[in-house]
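The values are calculated or read from the model by the stated rules, or taken from the named source; none is laboratory data. Values in this document were obtained by computation on a predicted structure and should not be read as measured data. Neighbour counts are summed over all protein chains in view; Cβ atoms, including those assigned to glycine, are modelled from backbone coordinates with ideal geometry. Only protein heavy atoms, including side chains, enter the accessible area calculation; ligands, DNA and RNA are left aside. Shrake-Rupley method; radii C 1.70, N 1.55, O 1.52, S 1.80 Å.
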Amino acid sequence: MSASLATRRFVAAFLAAGALVGAAALPASADDHRRDRDHRAPHSSIVISDVQYGTGSRDRSDRALNREWVEVENTGRRSVNLRGFTLTDRQGNRYRFGDFRLDGRSSVRVHTGQGRDTRQDVYQDRRHQIWDERDTATLRDNRGNVLDTDSWNGRRHHRNG
């Protein structure tokens, strides 16, 4: 009978340890669920590194529009295909990257106006300014997860993300 008692004690200890492990894992999975709800991506090497917003002038020439841009940088070592990544402003204007590979430790400027896309510059082909002196740029991956945001208020520049 003592073997049976030892077996029952072992099983009870095993089940108790399993319950403790399960209870410890519960907050982590709840946290993961919360992260999914607010669409925050884990740390990303793709970030908004700089912004040049519009001057508010009525000049709609490509030259004036292309002086307005948001720079997206890959801080990692490996190249990343930005296909489906989006860049939006507070008003909901959106630029969606096509098949564009951003090399590691490099950046690309997303200009508002028209031009010929290169490895360093891409163009939204718009005919009006997007980035105001008080605005927010939001960068999302191809699943809609927020990778980075950058806000500014006139002369003050405030980074989020």
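Do any GluC sites (Glu not before Pro) in the range 57-161 lie in a loop, going by DSSP, with at most 11 other beta-carbon atoms within 10 Å of their beta carbon, and if so which?
Values: sites: GLU68, GLU71, GLU73, GLU133; in loops: GLU68, GLU133.
Those that pass, being in a loop and sparsely packed, number zero.
How big is the charge dipole of the range 65-140 about its Cα centre, in debye rounded to the nearest 20, if each Lys and Arg gets +1 on its Cβ and each Asp and Glu gets -1 on its Cβ? Spell out each step's value before the answer.
Numbers: 16 positive and 12 negative charges, 61 e Å.
Computed charge dipole of the range 65-140: roughly 300 debye.
Under the 0.36 nm per residue contour assumption, what length would be gained going from the current alpha-carbon distance of ARG78 and ARG90 to full extension? Write out the running numbers ahead of the final one.
Values: separation 12, 0.36 × 12 = 4.32 nm, distance 3.05 nm.
Extra length from ARG78 to ARG90 when fully extended: 1.3 nm.
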Once the whole set of protein chains is in place, how much accessible area is left on SER44, using a 1.4 Å probe, in Å² to the nearest 10?
20
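State the percentage of accessible surface on the range 89-154 attributable to carbon and sulfur atoms; use a 1.4 Å probe and exclude ligands, DNA and RNA.
On the way: 1230 of 3590 Å².
In the range 89-154, the share of accessible area belonging to carbon and sulfur is 34 percent.
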Note, ³J(HN,Hα) from phi for the range 136-153, Karplus 6.51, -1.76, 1.60, rounded to Hz, x at Gly and Pro
9, 9, 10, 10, 10, 7, 6, 9, x, 6, 6, 8, 6, 9, 9, 10, 8, 9
Pair ALA64, ARG105: separation of 7 Å Cα→Cβ label points (nm):
4.0
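Counting only other residues whose beta carbon sits under 13 Å from that of THR118, what net charge do I get with K and R as +1, D and E as -1? Walk me through the numbers before you get to the answer.
On the way: positive: ARG101, ARG109, ARG116, ARG119; negative: ASP103, ASP117, ASP121.
Summing Lys and Arg as +1 and Asp and Glu as -1 gives +1.
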Karplus 3J(HN,Hα) series, Hz, for the range 48-55 with 6.51 cos²θ - 1.76 cosθ + 1.60 (x for Gly, Pro):
7, 9, 6, 9, 10, 8, x, 8
Check VAL51: other-chain or 5+ apart residues with amide H under 5 Å from its amide H, H built from backbone geometry?
GLU71
For GLN114 paired with ASP50, estimate the spin-label separation in nm (one decimal), with each label point 7 Å from Cα along the Cα-to-Cβ line.
2.7
Karplus (6.51, -1.76, 1.60) ³J(HN,Hα), θ = phi - 60°, over the range 61-70, in Hz, Gly and Pro reported as x
5, 4, 4, 5, 5, 7, 7, 9, 7, 10
Amide H neighbours of ASP135 under 5 Å, at least 5 residues apart or on other chains, H built in the peptide plane: list them.
TRP152, GLY154
Net charge within 14 Å of GLY92 by Cβ-Cβ distance, Lys/Arg positive one each and Asp/Glu negative one each, not counting GLY92 itself?
+2
